[in-house]
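Right, one structure below, let's go through it.
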Amino acid sequence: AKKDLTQEITIKSKRQSADLKNKIASYLDDVSISQGTISIVADIVQVYSGIDSNTKEKSDTYLAKGQPAIFKQALEDGSLITLQANEIKYQPDLHIITVSGNAQVKQAGSKVTGETITYNTLSEKLEAISRNDDSVTTILQPLK
Amino acid sequence: CGFHLRGDYLLSDELQTLYVSSSDVHGELTRLVKQHLSRNQVNVLKHRNTQAPELRIMSDQLDRRTLSVFENGQVAEYELIYTVNYQLRFAAKDGDPIEEPQNFRFELNRDYQDDPNLAPAKSRELSLLLSEMRQSAADKILRDMARIQR
Amino acid sequence: SATENSETHSESAEFTQQCAIPVFSPMISDAPQITDDSINITSKYASIEKDQVANFNGGVILLDKSQTIKADQLAFDRSLMTFNAQGNIHYQNQSIDILASELYASKKDKKSTMLDAAYQLYGNPGHGSADQLEISAQKGLSLLDSTFTTCIGENPDWQIKASEIIISADGSEGEAYHAQVRLFDTPILYLPYFTFPVSKQRKSGFLYPKIGSSSNSGVEIEIPYYWNIAPNIDATITPHYMSKRGTQLKTELRYLSGLQNGSINFEYLNKDNELSANSDARYLTRFQHVGTFSDNFRAYVDYTTISDDNYLIDIGSNQYNANDAYLYQVGELAYFGEQWQTTIKLQDFEVLGNHQSSYKTLPHVEISAQEPFKLFSQQNLSGQFEFNSELTSFQAQSDDQVSANRYHVEAGVSFPISTPAWFLTSEFKLMHTYYQQDNIQAGSTLSETVNRTLPKVRFHGGINFDRNINLFDNDYTQTIEPQIQYLYIPEKNQSNIGLYDTTKLQDDFNGLFRDKSFSGLDRVASANQYTWGVTSRVLDQSNLEVFRLSIGRIQYLSTSNTVDALFESNNNNLQSSVAASLFYRLNHKWQISSDIQYNTDESFTNKSQAAVNYQIDKYNSVQLNHRYARNVSDSSLEQMSLLANFAINKDWAFVGRLTQDLKEQRSIESYLWNTI
């Protein structure tokens, strides 16, 4: 939820490496990141710290890869959203998560699978688009 | 030149005992079928039971088609078309559900010369022809059953 | 026993158009089977906001437990559990298939509404269109400003247009409000409200109308109404409009109870406009009943009355053939015990046309019994005592006719041995008949009382030979079945007995091995003869006769020299005509059959017929036949006939018979019924 972004980010992993020149920090093997109710589990996470061109604010980009990499967050109404895919791109300052590579988003009342899915953590809106001939599959559960 | 006496109608051993049912229980065809079966050593049961196969005479119907007419347009000769529909349901193997019956249908034809001046006599002749057709129908059912597999 | 259900297919059986029942295939073949209440949607694009409002577009396919929906776009609101879709909607559940432009559905109250829809029922020819269509679990299908028909094709021949049509949830009954019945797009009937059958279940309502025309009655329209009175009783009431004659009412009532069933048919035309001479009603009623009760009893009734002799030719009926010469009036009650049976029968005929009036048999009682016995106990040769008796009282219908009571007994012993390979039936019978005849006209040879006692000895045997043969590389069984019979009945002058139910039987091949050459009992032909005959058949693997040739003849060992109207004087030649019959089924479409009785002594043909039959399909066939009979009701007859019953196209059928009388070079009758 919104207050997650004010929380502190902690990152755990077996190995770390840093590429100071390109400002890329890499965490490898059983990486887990958490910030408030947000948690990311993946095999490898690269953090690109950059400056947002127009707001001049610090804006990092987390790029997680795994078989699959998993992102979890609690929504306003307390229910959980889980995004998993081969690759997860999380831009906290833009409130955007993009998952691609047999991506799947599970919520209390729905499960969406497709090639690429983007989720806005602020508006809690997800959009899935399919490329060429595959298609997006959505399974909706009746309201309990 | 290869001819040999016709062997017994070796009804498959599943058909040695069976129940014969019909919508017209005492109809002539049903009685003749029961008679033909017992003459060929088949044990015809009195009451139906699912362990025994059932031969059901569904219908036997006589239709007439005009072949030739008198000058005044009334029918001189008919073709008698005797149609028989029957069903054979094998006994349910223990545990299996009752089997789907197999349906059979055949027709026998005979010519028949009518004469409106002799209605009682001609109707007596018609009954005789009908009985003879039913005899060969009962025989055909028996010969067909000898070839039916489950 | 008496003639049983010998009702006839009327020669003018209309070829009712059978609209093939379309069955649509499921939209998605490999759809996942959904058993829970979840909804599975595939699309090119999907978006869900706050897990509540979802939007899909691009080839959207929605699948749930009971239905499948295709659309261009679809919006779903999870909180209200409603969705609506736009663009090329294709909706399908197990009982209906719909194309529409818009759809709004609410899962909560289980209702879907579609706009400008075209629908097709499943497993039922019913289809049509509707401006607004609603499917709901309770109310079924309701169509506003809609049409319903069961005939395929862009412009179906008939359809129902109504402000509202409701088809019940179980899909059996249809209701129409402010309905027009339209025929070729012209409204012919307006009904504020009426119901019609939708499924095959027996449901009261209108059946498909029949339209046709014939030379006898002009344009004919029948609109049958089926009334499902009770599970075991129903009625069909058919107003039958004939442009030349007026409107006839045909009703058929059918009933069924236990092992008894029967029907009452009543056809009534108040006034026949075609007849100027008289104006009384023309009708036909027929009561039929067959049934078994309390195990051993059997009842059979077939009684018909008719207003006038030409009813069948002028108006026709689906009870009888237009050319039938007499109608049955018979009632029979029979008891079947283990060893003996008895039948009581009352019989008369409604003879059409000015023919010799026939005898009423009131009553005719038969009693027969059999008692098997073992011969020389250890052998399994079993014989059978047989006893058959008949008591018949013939009542004359005109005062110059003789009437009579006849008591006949035939008792004796027979040894029926039959195995598949061979059979031998030997019979030793004694026949005794006692007549009481009265109203004998002056100068006739009949006598008041007559006693006739005749023994009968008969041996009839046959052997069946089989062999497997291979023709055109498939396997057949060929049989050769020689038969031989010896029959002895001493000669007795019977000219003092009247003729009540006796006439000469046809002497075709089947008649060769009978023990009588006359029907009935008033004449017992003398016989000291043996009959030989042989039949060869070719049967395919499923026992279907593909070819059959039979030939046989009777050899007389002594000649009968009694002079009698009925005895064809075989003026002491020593053998009967040769009787032969041929049947050949080329394939399931073409069949050839031919019979002949040829008198070799005086080298003329007694009777012959040859027919080529082409079976187009189950209902349609064409037969060309040539028939010659040297003596039919003491006149000779040679005719070539073309019998046809085939559909010209989906709407028109030719049902008719062209008979060319070769003797007098004129066509006796051609009969045409075209129907839509």
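The values are calculated or read from the model by the stated rules, or taken from the named source; none is laboratory data. Keep in mind that this is a model prediction, so the values were computed, not measured. Quick reminder, even Gly has a Cβ in these numbers, built from the backbone with ideal geometry, and neighbours come from all protein chains shown. All accessible areas refer to the heavy atoms of the entire protein, side chains included, with ligands and DNA or RNA removed. Shrake-Rupley method; radii C 1.70, N 1.55, O 1.52, S 1.80 Å.
Interface burial in region C:408-446, defined as at least 10 Å² less accessible area with all protein chains than with the chain alone at a 1.4 Å probe, covers C:PRO416, C:SER418, C:PRO420, C:ALA421. Among B:HIS47, C:HIS289, the sequence by solvent-accessible area, most first, with a 1.4 Å probe is B:HIS47, C:HIS289.
Since only B:ASN85, C:ALA179, A:THR98 are under comparison, the one whose Cα sits farthest along the positive direction of the charge dipole of the protein assembly as shown, derived from C-beta charges on Lys, Arg, Asp and Glu, is A:THR98. Using a cutoff of 8 angstrom between alpha carbon atoms and counting only pairs six or more residues apart, the relative contact order for region A:1-138 works out to 15 percent.
Rolled with a 1.4 Å probe across the full set of protein chains, the surface gives C:TYR300 an accessible area near 10 Å². Within the accessible area of chain C, the carbon and sulfur atoms contribute 56%, probe 1.4 Å, all protein chains present. Largest accessible area first, the listed residues C:LYS65, B:LYS46 line up as B:LYS46, C:LYS65 when surface is computed with a 1.4 Å probe on the assembled protein chains. Mean per-residue shielding of peptide C:290-303 is 2, counting Cβ atoms of other chains within 10 Å of each Cβ. With the largest listed first and rounded to whole Å, the semi-axes of the equivalent ellipsoid of region A:63-144 from the Cα gyration tensor are 18, 17, 11. Dipole magnitude for region A:44-132: about 260 debye, using +1 per Lys or Arg Cβ and -1 per Asp or Glu Cβ, origin at the Cα centre.
When A and C come together, around 2100 square angstrom of accessible surface is lost from both chains combined, probe 1.4 Å. With 30 Å² as the minimum drop in accessible area between chain alone and full protein complex (1.4 Å probe), the qualifying residues in region C:497-517 are C:ASP501, C:THR503, C:LEU505, C:GLN506, C:ASN510, C:ARG514. In terms of Cα to Cα distance under 25 Å, which lysines are near enough to A:LYS12, apart from those fewer than 8 places away along the same chain? Filter leaves A:LYS2, A:LYS3, A:LYS21, A:LYS23, A:LYS58, A:LYS65, A:LYS72, A:LYS89, A:LYS106. Every Cα-Cα pair in region A:100-144 was counted, and those over 16 Å apart are 38% of them. What a 1.4 Å probe finds exposed on region A:1-141 is 52% carbon and sulfur by accessible area, rounded to a whole percent.
Taken about its Cα centre, region A:1-95 carries a charge dipole of about 240 debye when Lys and Arg each add +1 at the Cβ and Asp and Glu each add -1 at the Cβ. For region A:25-79, the square roots of the Cα gyration tensor eigenvalues, ordered a ≥ b ≥ c, give a/c of at least 1.5 with a/b no greater than b/c, which places it in the oblate category. Relative contact order, whole percent, for chain C stands at 6, derived from Cα pairs under 8 Å and 6 or more residues apart.
Each 5 Å bin from zero holds the following percent of Cα-Cα pairs in region C:176-324: 2, 8, 14, 17, 17, 14, 13, 8, 4, 2, 1, 0. If the reach is capped at under 16 angstrom between alpha carbons, list the lysines near B:LYS122, excluding any in the same chain fewer than eight residues apart. The qualifying lysines are C:LYS360, C:LYS504, C:LYS516.
Hull surface divided by four, with the convex hull built on the Cα atoms of region C:441-507: how many nm²?
Across all orientations, region C:441-507 yields a mean hull projection of 8.3 nm².
Accessible area buried by the pairing of B and C, both sides summed with a 1.4 Å probe, works out to roughly 6600 Å². Computed with every protein chain present, the accessible area of B:LYS140 is close to 30 Å² [probe 1.4 Å]. If you wrap chain C in the convex hull of its Cα atoms and look at it from every side, the mean projected area works out to 42.1 nm². The mean accessible area for residues of region C:316-374, using a 1.4 Å probe and ignoring ligands and nucleic acids, is 40 Å² per residue. Think of each Lys and Arg Cβ as +1 and each Asp and Glu Cβ as -1; about the Cα centre, that makes the dipole of the protein assembly as shown roughly 2300 debye.
Kirkwood hydrodynamic radius of region C:49-183, from the reciprocal of the average inverse Cα-Cα distance over all distinct pairs: 15.4 Å.
Solvent-accessible area per residue in region C:418-472 equals 52 Å², computed with a 1.4 angstrom probe and all protein chains kept.
Based on the Kirkwood radius over alpha-carbon pairs, what value in µm²/s does the Stokes-Einstein equation return for the translational diffusion coefficient of region C:580-641 at 20 °C and 1.002 mPa s? In µm²/s, the coefficient rounds to 166.
Counts of other chain beta carbons within 10 angstrom of each beta carbon in peptide B:18-26 average 4.
Let me know the shape class of chain B, please: from the alpha-carbon gyration tensor, a ≥ b ≥ c as square roots of the eigenvalues, rounded when a/c is under 1.5, otherwise prolate if a/b is greater than b/c, or oblate. In terms of gyration-tensor shape, prolate. For region C:216-275, the equivalent ellipsoid derived from the alpha-carbon gyration tensor has semi-axes of 29, 11, 7 Å in decreasing order. Among the protein heavy atoms, those of B:PHE3 account for about 60 Å² of accessible surface (1.4 Å probe, every chain in place). Among A:ALA108, B:SER22, C:THR236, which residue has its Cα furthest toward the positive end of the charge dipole of the protein assembly as shown, with +1 on Lys/Arg Cβ and -1 on Asp/Glu Cβ? Farthest towards the positive pole: A:ALA108.
Shielding of peptide B:105-118 by partners, expressed as the average count of other chain Cβ atoms within 10 Å per residue Cβ, is 6. Largest first, the residues C:MET27, B:MET58, B:MET145 sort by 1.4 Å accessible area into B:MET58, C:MET27, B:MET145. Helix B:28-39 and the long axis of chain B differ in direction by around 40°, with both axes built from C-alpha atoms.
Taking only the C-alpha atoms, wrap a convex hull around region C:349-472 and report its volume per residue in Å³ as a whole number.
Working: hull volume 26.7 nm³, N = 124.
Convex hull volume per residue, Cα atoms: 215 Å³.
Pairs of C-alpha atoms in region C:431-542 farther apart than 21 Å represent 55 percent of all such pairs.
A 1.4 Å probe run over the protein chains yields, for chain A, 53 Å² of accessible area per residue, whole-number rounding. Rg over Rh for the protein assembly as shown works out to 1.16, using Cα positions for both radii and the Kirkwood form for Rh. The shape of region A:1-105 comes out oblate: with a ≥ b ≥ c from the C-alpha gyration tensor, a/c is at least 1.5 while a/b does not beat b/c. Binning all Cα-Cα separations of region B:10-72 at 10 Å, short to long from zero, yields these whole-percent fractions: 19, 41, 18, 10, 8, 3.
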